[in-house]
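Data first, discussion second: the structure below is written as structure tokens.
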Amino acid sequence: MNQPTDLHPELDRVHAAVEHVRELLASDNIPINAAEGLLLGLVSVIGTLTGDPQLPAHIRGSYDGLLELSRELLWKIRSGKE
């Protein structure tokens, strides 16, 4: 996954949100249902952003990586591995 860039501040904010949920899950500081709801919202937002035809390819790749990470976290929650 590419690293966030100052050239696209929305990417930085979405990256921070996904990482925050990941850290909360890792430290058991968030109820599972709340984490699942936040991740579902993030997946929806990231999916919308990647659908923008004017989004530069290098930024799209970063969003794709965040989308994959969000989906992996959801899978872990739903399979009871978090």
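The values are calculated or read from the model by the stated rules, or taken from the named source; none is laboratory data. Given the structure is predicted, the values throughout are model-derived calculations rather than measurements. In this analysis, Cβ positions are derived from the backbone assuming ideal geometry, glycine residues included, and neighbour counts consider all displayed protein chains. Quick note on the areas: whole protein, heavy atoms, side chains included, nothing else; ligands and nucleic acids left out. Shrake-Rupley method; radii C 1.70, N 1.55, O 1.52, S 1.80 Å.
The table that follows gives values for the structure above.
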read-out: Search result, residues across the stretch 48-73 that are aliphatic (A, V, I, L, M) and in a helix (DSSP H, G or I); value: LEU49, ALA57, ILE59, LEU66, LEU67, LEU69, LEU73
read-out: The one condition in (1) open to solvent by 30 Å² or more (accessible area, probe 1.4 Å); (2) touching a His at 6+ places or on another chain (Cβ under 6 Å) that GLY37 fails to fulfil; value: (2)
read-out: Those residues of the stretch 51-73 which are touching a residue at least 24 places away in the same chain (Cβ under 8 Å) and open to solvent by less than 50 Å² (accessible area, probe 1.4 Å), in sequence order; value: ILE59, GLY61, SER62, TYR63, GLY65, LEU66, LEU67, LEU69, SER70, LEU73
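Every residue, every condition in (1) free of Cβ contacts under 8 Å to residues at least 60 places away in the same chain; (2) part of a loop (DSSP other than H, G, I, E, B); (3) open to solvent by less than 70 Å² (accessible area, probe 1.4 Å), yes or no:
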| position | (1), (2), (3) |
| --- | --- |
| VAL14 | yes, no, yes |
| HIS20 | yes, no, no |
| ILE30 | yes, yes, yes |
| GLY41 | yes, no, yes |
| ILE46 | yes, no, yes |
| TRP75 | yes, no, no |
